[in-house]
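Trainee: Just passing along the structure, written as structure tokens.
The values are calculated or read from the model by the stated rules, or taken from the named source; none is laboratory data. If you're wondering where the values come from, they're calculated on a predicted model, not measured in any experiment. Keep in mind that these areas ignore ligands, DNA and RNA; they rest on the heavy atoms of the full protein, side chains included. Shrake-Rupley method; radii C 1.70, N 1.55, O 1.52, S 1.80 Å.
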Amino acid sequence: MDTVSLEHQIQSVQRHISFLKKEQMALLRDLHLEILRLQKRCSELTHDLEMREAQSHQQGKRRVLVGKYMGPTGPVSPNP
């Protein structure tokens, strides 16, 4: 094998390596952006869930209080 052909092969491999490095960097950047987007969405959904749970808890408290002071025929006076 002559030296010129070998040098061309080396240059070709180096170009391929350079291309693959660039592609890898772009892929890693895109994956990082996707991770950040998903983390933000997860935080938003967690916050929404916490708010719904808090609202549900408050509604449950109101039902208990209303049920405590309401009899089948109307308001019940609290016993001292």
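Trainee: Pull up the cross-link candidates among the aspartates and glutamates for residue 40, meaning alpha carbon to alpha carbon under 13 Å and not fewer than 8 places away within one chain.
Mentor: 48
Trainee: Ranked from the most accessible area to the least, with a 1.4 Å probe and all protein chains present, what is the order of 51, 25? Please report the intermediate quantities before stating the final value.
Mentor: Details: 51 95, 25 125 Å².
I get 25, 51, largest accessible area first.
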